[in-house]
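A short worksheet on the structure shown next.
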Amino acid sequence: MALLSIAGLTVRYGAVEAVKGVDLQVERGELVALLGANGAGKSSTLNAIVGLADTAAGKVLLHDADITGQPTETLVRRGITLAPEGRRVFAGLTVAKNLRIGAYCRAGDLAESYARVFELFPILKDRRNQLAGTLSGGQQQMLAIGRALMIEPEILLLDEPSLGLAPQIVDTIFELIARLRKGGITILLVEQNVAMALDIVDRGYVMAGGRIVAAGSAEDLKSSNIVEEAYLGAH
Ligand code: ATP
């Protein structure tokens, strides 16, 4: 049984059908990429999974339980969370408060969660009393991921974590994603940076025009030109 399974997922914005019957599965412990050019429908897919975009048709299953269209807060409690595109940290709040917000629907002692995030991202510990808006782009991305980790998710959805970051910082972020996966978190990663994503993931899906146009192991996708075609076809 897949940890996350989506079937026939369709997302519409008025007359625009952004996601057209997408099927996708992520097994427990896997790191899976969802690749595709701008506008392919990747963010809409992630947003629909976590209830941030309306699902016009199809189903989202978590451990075989139907979670389609459930409120984001319910999904967070069930262990599924999204680190959104563009990071969206609360610039006027400290690093520590941003992390606290990540755990808003969790009761009890958060000390272990803070410790875990600070172990992964020591720079966030050093800067925990600093306003998030004063962090560099890479540090804000770490904070966005750290904030999502505060609920100790079973599955983490990452939307373009490399967006707008300098190459060296992108390397660091990808190393961290690989480490998270080794630590046992299941990850669905949306990325434009195909080569780097395929270096760390187990499998990938390629989207174009709202549909899945290819799927396979990282090795298969690397050795075929389907990813390239999907990107070129979008222009
Ligand atoms: P990007 O990498 O640019 O985020 P993407 O693959 O994530 O691309 P989406 O952001 O899901 O693609 O967009 C898919 C399509 O849906 C695009 O045509 C986009 O313009 C449209 N779209 C996305 N969000 C909305 C919205 N809130 N209202 C109307 N159309 C939207």
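The values are calculated or read from the model by the stated rules, or taken from the named source; none is laboratory data. This is a predicted model, so every value here is computed, not measured. Using ideal geometry, Cβ is built from the backbone for each residue, glycine included, and neighbour counts are taken over all protein chains shown. Ligands, DNA and RNA are stripped out before the accessible areas are found, and what is left, the full protein with its side chains, is counted by its heavy atoms. Shrake-Rupley method; radii C 1.70, N 1.55, O 1.52, S 1.80 Å.
A few comments on the model shown:
- Accessible area of the stretch 1-114 belonging to carbon and sulfur atoms, whole % at 1.4 Å probe: 49
- Residue of 130, 168, 139 that the Gaussian network model of the chain assigns the largest fluctuation, springs spanning Cα pairs under 10 Å: 168
- Separation of the residue 168 and residue 224 label points, Cα + 7 Å toward Cβ, nm: 3.8
- Applying a length cut-off of 15 Å (Cα extent along the axis) and a mean Kyte-Doolittle floor of 0.0 to the DSSP H helices of the chain leaves 137-149, 167-182.
- Low-density loop cleavage sites - trypsin sites (Lys or Arg not before Pro) in the stretch 130-235, where at most 11 other Cβ are within 10 Å (DSSP): none
- Taken one residue at a time, the phi angles of the stretch 20-36 give Karplus couplings (6.51, -1.76, 1.60, θ = phi - 60°) of 10, x, 7, 10, 7, 10, 10, 7, 4, x, 7, 10, 10, 9, 10, 10, x Hz. Gly and Pro are set to x.
- What separates the Cα centres of the stretch 154-178 and the stretch 12-88 is a distance of 19 Å.
- Taking every DSSP beta bridge that has both ends in the chain, the antiparallel portion is near 55%.
- In the full protein context, the chain carries 44 Å² of accessible surface per residue, based on a 1.4 Å probe and ignoring ligands, DNA and RNA.
- Residue of 219, 112, 73 that the Gaussian network model of the chain assigns the largest fluctuation, springs spanning Cα pairs under 10 Å: 112
- Solvent-accessible surface (1.4 Å probe) assigned to residue 13 amounts to roughly 110 Å².
- Computed Rg/Rh of the stretch 133-214, alpha carbon atoms with Kirkwood Rh: 0.97
- Highest-MSF residue in the chain out of 51, 41, 183 [GNM, Cα springs under 10 Å]: 183
- Total charge dipole magnitude, the stretch 92-235, about the Cα centre, Cβ charges on Lys, Arg, Asp, Glu only, Debye to nearest 20: 620
- Zone residues, the stretch 106-133, relative to residue 52, backbone N less than 13 Å from point 7 Å out along Cα-to-Cβ: none
- With a cut-off of 17 Å on the backbone N, the residues of the stretch 1-29 near the modelled label site 7 Å out from residue 202 along Cα-Cβ are 1-6, 24-29.
- Counting only protein heavy atoms and using a 1.4 Å probe, the accessible area of residue 196 comes to about 50 Å².
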